[in-house]
Amino acid sequence: MALASQIISPSQQFLLILRTHSLIHICFFDLRLQMLSRLSSRSIRFFNSISSIELTQHPKAGTCLSVDLSNGKTDTNVQVPLIWFRDHCRSVNAYNHTTNQRKSKMLNLFEESRISDRSAVTYDAKQLSINWADGHKTVFDSADLIKMLVKPQQKQPRDLYHLWNGSTIGPLPTVQNSSFSFPEFSQKFVQFGFVSVEGIEQTPEATEKFARSIAPIHDTYYGAFWTFNNKAEQQENYHEDTAYSNEEIGPHTDGTYFPQSPGIQVFHCLRPADRGGKTVLVDAFAAAERLKAENPSAYQILTTTPIDHHYIEKGENPLFSWAPSKPVIELSADGGYAQIRFNPYDRAPLRLSLNGGKGLSTPEDVTAFYEAYQAFSRICHDPTMAVKIQLMPGTVIFIDNLRVLHARTAFSGYRQMCGCYLSRDNLMAKARLHVGEETRLQV
């Protein structure tokens, strides 16, 4: 009996091998990213002084100032057209310091950016002064000039965020309503991409009131705030969506079919199901980093190939929502992550581009895209990437819909939820005040 109990079937052997391979792979992936993160951190140069500024002529840009930037170890030279300094003048005649807005209408900036001779520009290691030909004067403190002149080097995602999977996330980001601190909430939201707030009154009204205290509602045709369950077809706000069923829903982001995707997803489980119904979260930035390490060509395809998403509803109130083509993994101009649009369910037909535009045009393009999408999907569905949470009454979870995928396990019995979308732009405008000065320009 003891020997028989240790024998496993071929299918069990396969699953065991698959799970072991997956765990080994994810551990190696985490180690590799940590090494890359340390290397990238050491390579970033921060400039803290200007060693010299000289007037010079550029063959195409005309009169420039040659600025030597220093970080104490190395110098870097940058040539800046004179018009830039006039445009960035912070005198009271050029800049409204109450509203932090320029005053120029940009009608005659080139004519205004002239100097009479070389003596019009002076620099004494602390301050740059420029006397313009029209009588206007511009003065820059060197520290302020550096901040305006040099764009900080894009940090690696591991330096900006706490990228996580099921084994590396640590304690779940949680704050208590009784001692709520918006700075603490903001820092955890930026770092992890989601935060749970415990101790909220277990009603839709209290949930909506608290959500509105975080950021304004992002209203859609689903309504400003929803209360729904798996018997939702009996309710007035029912929509033809699997969210209103008890089926399993895989990892995805919401609103890929909106030109402006909802920024923040809010959920409050007012009544848990008898069995199942766990919320599953996946850090899509971490998933993208893993794809980049494992399959660079797939990463390249998903960051550059735009695809369409749509939402179609029939019945008494027909809807057709469609978003302009965007890539699954959208990068910022500096190469950082701007938004993940991963929703296999709401993809529109994969139309071919026959007139030379962006998109897929050849059989090879189509096949390569499906291979890339499947590779990313397999990472997003890898159980080791996920965190499972049993939402309970009194706990409201806020999810960054541009970063974190959410899913749901199948369930049985009655389950009631409420929630809404919030304006991420509004939240981040306040949250950036509570993160590092260099970080706030990149999140």
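Tabulated data for the structure shown
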quantity: Selection within the range 92-113 - part of a loop (DSSP other than H, G, I, E, B) and touching a residue at least 24 places away in the same chain (Cβ under 8 Å); calculated: ASN93, ALA94, SER113
quantity: Any hit, the range 291-307, residues being aromatic (Phe, Trp, Tyr) and closer than 18 Å to SER353 by Cβ; calculated: no
quantity: Those residues of the range 287-311 which are farther than 21 Å from TRP164 by Cα, in contact with a helix residue (DSSP H, G or I) (Cβ under 7 Å, 6 or more places away or on another chain) and polar (S, T, N, Q), in sequence order; calculated: THR305
quantity: Cβ-Cβ under 6 Å pairs, at least 6 apart or on other chains, the range 322-347 side assigned to a strand (DSSP E or B), far side of a type in the set (D, E, K, R); calculated: SER325/ASP308; LYS326/ARG341; ALA338/GLU330; GLN339/GLU330
quantity: Top-ranked residue of the range 123-132 - restricted to ones that are exposed (fewer than 13 other Cβ atoms within 10 Å of the Cβ) and at negative phi, ranked as modelled with the lowest pLDDT; calculated: LYS126
quantity: Test set (1) over 19 Å from GLU248 (Cβ atoms); (2) at pLDDT below 95; (3) of a type outside the set (Val, Ile, Thr) - GLY394 fails condition number; calculated: (2)
quantity: Test: residue in the range 141-158 that is outside any helix (DSSP H, G or I), modelled with pLDDT under 95 and more than 17 Å from LEU441 (Cα to Cα); calculated: no
quantity: Single condition GLU184 does not satisfy, out of (1) assigned to a helix (DSSP H, G or I); (2) at pLDDT 95 or above; (3) more than 30 Å from ALA286 (Cβ to Cβ); calculated: (3)
quantity: Filter result (modelled with pLDDT of 95 or more and either under 17 Å from the mean Cα position of the chain (by Cα) or part of a loop (DSSP other than H, G, I, E, B) (or both)) within the range 216-254; calculated: PRO216, HIS218, ASP219, ALA224, PHE225, PRO251, HIS252, THR253, ASP254
quantity: Conditions (1) surrounded by fewer than 18 Cβ atoms within 10 Å (Cβ to Cβ); (2) touching a helix residue (DSSP H, G or I) at 6+ places or on another chain (Cβ under 9 Å): number failed by LYS314; calculated: (2)
quantity: In the range 348-358, residue farthest from GLU247 (Cα to Cα) [restricted to those that are touching a residue at least 40 places away in the same chain (Cβ under 8 Å) and out of contact with any strand residue (DSSP E or B) (no Cβ under 6 Å at 6 or more places or on another chain)]; calculated: ARG351
quantity: Residue among GLY166, GLY135 that alone is in a loop (DSSP other than H, G, I, E, B), without any contact (Cβ under 8 Å) to a residue 24 or more places away in the chain and either crowded, with 18+ Cβ neighbours inside 10 Å or not aliphatic (A, V, I, L, M) (or both); calculated: GLY135
quantity: Condition broken by LYS292, with the remaining ones in (1) crowded, with 19+ Cβ neighbours inside 10 Å; (2) assigned to a helix (DSSP H, G or I) satisfied; calculated: (1)
quantity: Every pair of residues 6+ apart whose Cβ atoms lie under 8 Å, when the first sits in the range 225-238 and is of a type in the set (Lys, Arg) while the second is surrounded by fewer than 19 Cβ atoms within 10 Å (Cβ to Cβ) and modelled with pLDDT of 70 or more; calculated: LYS231/TYR414
quantity: Residue check for LEU360: in contact with a helix residue (DSSP H, G or I) (Cβ under 8 Å, 6 or more places away or on another chain) and modelled with pLDDT under 90; calculated: yes
quantity: Any chance VAL435 is under 22 Å from SER196 (Cβ atoms) and within 16 Å of the chain's Cα centre (by Cα); calculated: yes
quantity: Pair list, Cβ under 7 Å, 6 or more apart: the range 212-224 residue assigned by TED's automatic domain parsing to the domain that holds GLU316 and under 20 Å from ALA429 (Cβ atoms), other residue modelled with pLDDT under 95 and not in a loop (DSSP other than H, G, I, E, B); calculated: none
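The values are calculated or read from the model by the stated rules, or taken from the named source; none is laboratory data. This one's a predicted model, so the numbers in the text were calculated from it and none came from an experiment. FYI the Cβ positions are ideal-geometry reconstructions off the backbone, even for glycines, and counts take in every protein chain you see.
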